[in-house]
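All of the numbers you see were taken from the coordinates with simple rules; none came from a lab. The model shown is predicted, which means the values in this text are computed figures rather than measured ones. Cβ placement follows ideal geometry from the backbone for every residue including glycine, while neighbour counts extend to all protein chains displayed.
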Amino acid sequence: MNSEKSRVGIAGVGTYVPERVLTNLQLQEIVDTSDQWIRSRTGICERRVAADDEAASDLALHASRRALANAGVGPDELDLVIMATNTPDMLFPASACLLQDKLGAKNAGAFDLLAGCTGFIYGMAVASQFIAAGTARNVLVAGSEVLTRILNWKDRNTCVLFGDGAGSVVMTKAPDDRGILSVALGSDGSGGDLLKLPAGGSLFPASTETVARGQHYLQMNGREVFKFAVRAMEDSAGEVLRRAGLTGADVDFLIPHQANTRIIEHAAKKMNLPMDRVAVNVDRYGNTSAASIPLALEESLQAGKIKDGDNVVMVGFGAGLTWAGLLIKWYDYKANNGR
Ligand code: UT7
């Protein structure tokens with residue numbers, strides 16, 4: 001990104017997970033799997049499941065209210081609401097518009113952003129461009145998923161992996177020596193078949209046939225996505241560091257997309273980072289796709305693992321295929337008396 005432009009930081013973070021917990025032991029009762037297999041192959045122990053009346057915009061609303069309160073920004077001060085999701089309330093209208101209305105963000109434009117599990121980093125990248133260009137002052141980026149609604153609970157290859165949750169950030173200007181230092185976005189649509197929800201769009205409109213074929217469920221080639229993920233994490237981290245003129249030795253903390261502890265540990269090893277400087281919560285939430293990075297960010301902040309001035313790398317990968325990295329020199333707005 002152009003370092004001549006204004007810097008952009010994260011003024012507040014907020015998250016929300018549904019109350020209902022689904023453990024591996026409970027999953028053993030409904031599908032041919034075991035706690036031992038899930039833990040050893042993925043690191044996941046449990047995940048959250050949204051209540052029947054909760055949709056993605058509802059989860060995002062809780063998270064976003066908390067992010068606004070933490071940032072000290074009122075909903076009417078937002079210029080833009082971006083919602084990254086693979087599980088919108090409906091195909092349209094955009095869930096971001098529903099969220100905008102529920103928040104009372106009456107001065108904000110709103111749109112959804114679909115970039116698989118990479119959506120949250122894509123969203124922050126877009127938000128930072130609006131702010132750096134002076135087109136927006138405060139932008140809310142929400143990542144929210146109700147993935148349990150699109151899982152085939154008879155398919156052990158996928159149903160054990162995902163969970164529901166939401167996380168939001170409020171982004172605004174940061175001082176010149178803090179904020180986002182670099183961003184790198186990637187995509188390769190030739191890998192689109194590896195992770196998809198085939199039906200319900202214009203190619204395969206929902207019909208009794210698509211339902212009979214199970215095309216309304218998430219489908220994934222896990223082994224191929226795994227290989228891609230390992231490469232994508234490493235490349236994205238390397239690229240954002242290169243663009244900022246830094247090396248792995250300059251990284252204080254890593255927030256990787258939470259899909260599998262084996263993928264996370266590989267990324268940490270490649271960057272020579274001990275695991276106490278890497279965010280991990282996939283054990284408790286599973287893969288929450290576009291929500292995983294803000295969930296991990298807030299936990300790390302609350303645990304005091306990220307301090308003012310730290311170089312924090314966020315990396316993600318997902319359906320599309322997409323991948324991205326973002327390097328931010330953390331600015332603690334509260335410690336520095338607000339915006
Ligand atoms: O955010 C992006 C979304 N996706 C991902 O990040 C997923 C990336 N991929 C992965 O994390 C891993 O590939 C998985 C966790 C999905 C699978 O792990 P794996 O080590 O690649 O296992 P595998 O697919 O090679 O399957 C090994 C065996 C198979 O049995 P056979 O064919 O060797 O007899 C599977 O049928 O494990 C079996 N298996 C299971 N067994 C018990 C697959 N799922 C399960 C299960 N319980 N839930």
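Return the residues of segment 68-96 that are surrounded by 15 or more Cβ atoms within 10 Å (Cβ to Cβ) and farther than 30 Å from Leu194 by Cα; say none if nothing qualifies.
Leu68, Asn70, Ala71, Val73, Pro75, Glu77, Leu78, Asp79, Leu80, listed by residue number.
So in segment 125-139, with the set limited to residues that are farther than 14 Å from Gly179 by Cβ and of a type in the set (Val, Ile, Thr), which one is surrounded by the most Cβ atoms within 10 Å (Cβ to Cβ)?
Here the answer is Val126.
Taking the criterion of being at negative phi and within 16 Å of the ligand (Cβ to nearest atom), would at least one residue in segment 237-252 satisfy it?
No: segment 237-252 contains no residue that is at negative phi and within 16 Å of the ligand (Cβ to nearest atom).
Of the conditions (1) closer than 24 Å to Met171 by Cα; (2) touching a Pro at 6+ places or on another chain (Cβ under 6 Å); (3) not polar (S, T, N, Q), Leu254 satisfies every one except a single condition; which number is it?
(2)
Out of the residues in segment 152-178 meeting the condition of being within 12 Å of the ligand (Cβ to nearest atom) and under 21 Å from the mean Cα position of the chain (by Cα), tell me which one is surrounded by the most Cβ atoms within 10 Å (Cβ to Cβ).
Gly163
So which of Asp283, Asp250 is of a type in the set (D, E, K, R) and either closer than 30 Å to Leu218 by Cβ or in contact with a helix residue (DSSP H, G or I) (Cβ under 6 Å, 6 or more places away or on another chain) (or both)?
Asp283
Restricted to segment 293-327, and to residues that are out of contact with any strand residue (DSSP E or B) (no Cβ under 7 Å at 6 or more places or on another chain) and at negative phi, which residue is farthest from the ligand (Cβ to nearest atom)?
Out of the qualifying residues, it is Asp308.
Which condition number does Gly248 fail, the rest of (1) surrounded by 18 or more Cβ atoms within 10 Å (Cβ to Cβ); (2) more than 28 Å from Ala55 (Cβ to Cβ) being met?
Of (1) surrounded by 18 or more Cβ atoms within 10 Å (Cβ to Cβ); (2) more than 28 Å from Ala55 (Cβ to Cβ), only one is false for Gly248: (1).
Can you tell me which residue within segment 4-37, out of those that are of a type in the set (Lys, Arg) and closer than 30 Å to Arg243 by Cβ, is farthest from the ligand (Cβ to nearest atom)?
So in segment 4-37, the residues of a type in the set (Lys, Arg) come out as 5, 7, 20.
From what's left, closer than 30 Å to Arg243 by Cβ: 5, 7.
Values: Lys5: 31, Arg7: 29 Å.
So, considering only residues that are of a type in the set (Lys, Arg) and closer than 30 Å to Arg243 by Cβ, the one farthest from the ligand (Cβ to nearest atom) is Lys5.
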